[in-house]
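Report on the structure given below.
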Amino acid sequence: MAVVPIRKLTRGAHRRQLHRRVRRQVGGTPERPRLAVFRSLRQVYAQVIDDQAGRTLVSASSLDAEYQKQLKTGGNLAAAKLVGKLIGERARAAGISKVVFDRGGYKYHGRVKALADAAREAGLEF
């Protein structure tokens, strides 16, 4: 009997697998849309999504022109806090107060946690 080696997933493939698993449980509705987070090495992105309609209601990222001058880099904790504050303010302006949080397959730690805490401080409830 031959031993078949287990193929290791790349880090990105593993995260996508985790995200698919989370997305089976977490979905956005018109009453309570989904706050999705994506982080790359250089930037942080957040969207508030109504999955039933398939529409992005509000978005923010560390690439937004008004905050680009304030940030030294878009991939650090300060940028994540700024994006969280911005997504919270934009969501409240659009009449959204409650969301479900989709961490995107990332650990709830570091930049993801900082973004979530800043969004809560800006008035989002999840």
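The values are calculated or read from the model by the stated rules, or taken from the named source; none is laboratory data. Just so we're clear, the structure is a prediction, and the values are computed from it rather than from any experiment. Glycine gets a Cβ as well: all are built from the backbone with ideal geometry, and neighbour counts include every protein chain shown.
A few comments on the model shown:
- Top-ranked residue in region 1-32 [being basic (K, R) and assigned to a loop (DSSP other than H, G, I, E, B); ranked as surrounded by the most Cβ atoms within 10 Å (Cβ to Cβ)]: R32
- So L82, is it within 16 Å of E125 (Cα to Cα), in contact with a Phe, Trp or Tyr (Cβ under 7 Å, 6 or more places away or on another chain), surrounded by 12 or more Cβ atoms within 10 Å (Cβ to Cβ) and touching a residue at least 12 places away in the same chain (Cβ under 8 Å): no
- Each residue in region 109-126 was checked for being under 16 Å from S62 (Cβ atoms) and assigned to a strand (DSSP E or B), and 0 pass.
- Looking only at residues in region 90-108 that are of a type in the set (A, V, I, L, M, F, W, C) and outside any strand (DSSP E or B), the one that is surrounded by the fewest Cβ atoms within 10 Å (Cβ to Cβ) is A93.
- Which numbered condition T10 misses (of (1) more than 18 Å from the chain's Cα centre (by Cα); (2) closer than 26 Å to E125 by Cα; (3) free of Cβ contacts under 8 Å to residues at least 24 places away in the same chain): (2)
- Taking residues in region 28-44 that are within 17 Å of T56 (Cβ to Cβ), and partners anywhere that are part of a loop (DSSP other than H, G, I, E, B) and of a type in the set (D, E, K, R), the pairs with Cβ atoms closer than 7 Å and at least 6 places apart or on different chains are G28/D51; R34/D51; V37/R103.
- Residues satisfying the stated conditions in region 115-125, i.e. among the aliphatic types (A, V, I, L, M) and more than 11 Å from the chain's Cα centre (by Cα): A118, A122, L124
- Enumerated strands (runs of 3 or more DSSP E) restricted to region 33-81, each holding at least 2 residues that are at pLDDT 90 or above and closer than 20 Å to R15 by Cα: 34-39, 44-50
- Selected residue (criterion: farthest from V100 (Cα to Cα)) from residues of region 49-79 that are in contact (Cβ under 8 Å) with a residue 12 or more places away in the chain and of a type in the set (D, E): D64
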